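Heads up, the thing below is written out as structure tokens.
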Amino acid sequence: MLQRIGSQFLQYGRILPAVLNQPSAALRSFSAVPQPAEDAEPGPAVIEKKGISLRGVPLYLDMQATTPMDPRVIDAMLPYMTEQFGNPHSRTHLYGWESEEAVEDARAKVASLIGADPKEIIFTSGATESNNTAIKGVATYLKDKKKHVITTQTEHKCVLDSCRWLQQRGWDVTYLPVRPDGLLDASTLEAAIRPDTALVSVMAVNNEIGVVQPLKEIGELCRSKGVYFHTDGAQAVGKIPVDVNAAKIDLMSISGHKIYGPKGVGALYVRRRPRVRLDPLMSGGGQERGLRSGTVPTQLVVGLGAACEVARREMESDLRHVRRLEERLRTGITNQLQGVVLNGPSDLAQRYPGNLNLSFAYVEGESLIMGLKEIAVSSGSACTSASLEPSYVLRALGVEEELAHTSIRYGLGRFTTDEEVDRAISMTVSHVNKLREMSPLWEMVQEGVDIKSIQWAQH
């Protein structure tokens, strides 16, 4: 990863000399290779965090949680963190004019990525705020006419919690089941739509299993029924082609830090024709067409715009890169291990290849995660992986609790290298085999015993 990011610096960045003059600790964040400590004996540095000893910096394979900022994004942001610091809403002097121009340029870049009009882009603090604004905003505006919202059981937690917030205020919410591969059946959705349905919210690409929902089919159905269609596009925008007009999307949430941009910034697409009406969550100066009051953070918005511009130009090559790495990682593990289950669709036309979620049978889940501490991977979404409960997304797919406990999500991205993938394969295979050697269940399976047929005695 360091080499790939470094090449971007060399080709595009004017900040490389300043970065290279920093001490080695400053560069460590860009590296997935263990780095030796200064003035220490040869060998990887030992890092103590959270009661765990790490021999150097772990490989970073958790791209669904966050992505490293592209050096070109940092380069675009720097002027607005130094000399061009004006408030974009100051209309009486050059500082404000420069910042306003930069904000509108970024708005156009975000719109271009998804086929929207720049006036349809509302800047927010991230996808969580965008999801909250879309769901609560539409429901609040239509509260005297509608009383029903539809979503799926596998949505991001902020969507599910926003729907529960509506339920506490008298709304009916239908949580639709999905198929074992994570896809939503259009017939199931159609049967759930009622005359008083205000909104359907379905995630474009699931953050845990990478399933790509049929947005166009859902959008056409919602439009024919006169229902607003919102999609959480945090894991989709900039990674796969998304056209809000072709898919008849009315509202879409976007996150900066999922597409190699800065944290703390996102956007909400709000369709103008046919117009979508919603109430704002915050009151104030009326910025962002009155839908999101507060001073727009110029440097963050510029970073989001730059990230969208890079993604638009390089999406095809990025997709080829992660497809190749996904096949290398998946086959590298499954060719050497038995009892490995892919969670989500096996067809890459229905799954984003940068998201590979595997379960390892007859392995204790927490031991597996702890054993892979030298690889930064996740056992679920970043919002829920701290819990010891199995992933609610995997349970909604019908994955057995034991397998759901052993799931590992590998996230691949623009800067992931072949060497990192090969190292992840080696460490995963080694640790799973080690844990299985200690497992009596695995020994019984090798002897041909059907574990599910055993009647376990309780003491």
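The values are calculated or read from the model by the stated rules, or taken from the named source; none is laboratory data. All figures in this text were calculated on a predicted structure; none of them were measured in a lab. Neighbour counts are summed over all protein chains in view; Cβ atoms, including those assigned to glycine, are modelled from backbone coordinates with ideal geometry. Accessible surface is based on the protein model in full, side chains and every heavy atom, while ligands, DNA and RNA are left aside. Shrake-Rupley method; radii C 1.70, N 1.55, O 1.52, S 1.80 Å.
Values for this structure:
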quantity	calculated
Unmet criterion (only one of (1) open to solvent by 20 Å² or more (accessible area, probe 1.4 Å); (2) over 30 Å from Ser426 (Cα atoms); (3) of a type in the set (A, V, I, L, M, F, W, C)) for Met77	(1)
Failed item in (1) over 23 Å from Glu104 (Cα atoms); (2) open to solvent by 20 Å² or more (accessible area, probe 1.4 Å), with Gln213 passing the rest	(2)
Residues of region 52-71 satisfying the condition of being outside any loop (DSSP other than H, G, I, E, B) and buried (at least 20 other Cβ atoms within 10 Å of the Cβ)	Leu59, Tyr60, Pro71
Counted residues, region 99-108 - those being surrounded by fewer than 22 Cβ atoms within 10 Å (Cβ to Cβ) and not hydrophobic (A, V, I, L, M, F, W, C)	4
Filter result for Gly233 (open to solvent by less than 20 Å² (accessible area, probe 1.4 Å), within 24 Å of Ala267 (Cα to Cα), in contact with a Pro (Cβ under 8 Å, 6 or more places away or on another chain) and not β-branched (Val, Ile, Thr))	no
Where Ser346 falls short, out of the listed (1) outside any helix (DSSP H, G or I); (2) of a type in the set (Ser, Thr, Tyr); (3) open to solvent by 60 Å² or more (accessible area, probe 1.4 Å); (4) more than 30 Å from Thr151 (Cα to Cα)	(4)
Qualifying positions in region 117-157 - open to solvent by less than 20 Å² (accessible area, probe 1.4 Å), within 15 Å of the chain's Cα centre (by Cα) and closer than 14 Å to His230 by Cα	Ala127, Ser130, Asn131, Glu155
Verdict on Ser224 being without any contact (Cβ under 8 Å) to a residue 12 or more places away in the chain, open to solvent by 60 Å² or more (accessible area, probe 1.4 Å), among the polar types (S, T, N, Q) and within 23 Å of Arg272 (Cβ to Cβ)	yes
Where a residue in region 431-442 is within 14 Å of Thr406 (Cβ to Cβ) and its partner, wherever it lies, is among the charged types (D, E, K, R) and open to solvent by 60 Å² or more (accessible area, probe 1.4 Å), with Cβ under 7 Å and at least six apart	Leu435/Glu364
Count of region 182-210 residues which are within 23 Å of Arg395 (Cα to Cα), of a type in the set (S, T, N, Q) and surrounded by fewer than 24 Cβ atoms within 10 Å (Cβ to Cβ)	2
Any hit, region 318-332, residues being touching a residue at least 60 places away in the same chain (Cβ under 8 Å), touching a strand residue (DSSP E or B) at 6+ places or on another chain (Cβ under 7 Å) and either hydrophobic (A, V, I, L, M, F, W, C) or part of a loop (DSSP other than H, G, I, E, B) (or both)	yes
Of all residues in region 265-282 being touching a Ser or Thr at 6+ places or on another chain (Cβ under 6 Å) and assigned to a loop (DSSP other than H, G, I, E, B), the one that is least open to solvent (accessible area, probe 1.4 Å)	Asp279
Any chance Leu403 is open to solvent by less than 70 Å² (accessible area, probe 1.4 Å), at pLDDT 95 or above and within 27 Å of Gly448 (Cα to Cα)	no
Wholly enclosed helices (runs of 4 or more DSSP H) of region 118-204 bearing at least 1 residues in contact with a Ser or Thr (Cβ under 6 Å, 6 or more places away or on another chain) and under 21 Å from Arg277 (Cβ atoms)	127-141, 157-167
Residue match in region 335-342 (condition: of a type outside the set (Asp, Glu), surrounded by 17 or more Cβ atoms within 10 Å (Cβ to Cβ) and under 20 Å from the mean Cα position of the chain (by Cα))	no
Any hit, region 174-181, residues being polar (S, T, N, Q), open to solvent by 10 Å² or more (accessible area, probe 1.4 Å) and in contact with a helix residue (DSSP H, G or I) (Cβ under 8 Å, 6 or more places away or on another chain)	yes
Residue count, region 216-235 (criterion: closer than 30 Å to Thr406 by Cα and more than 12 Å from the chain's Cα centre (by Cα))	1
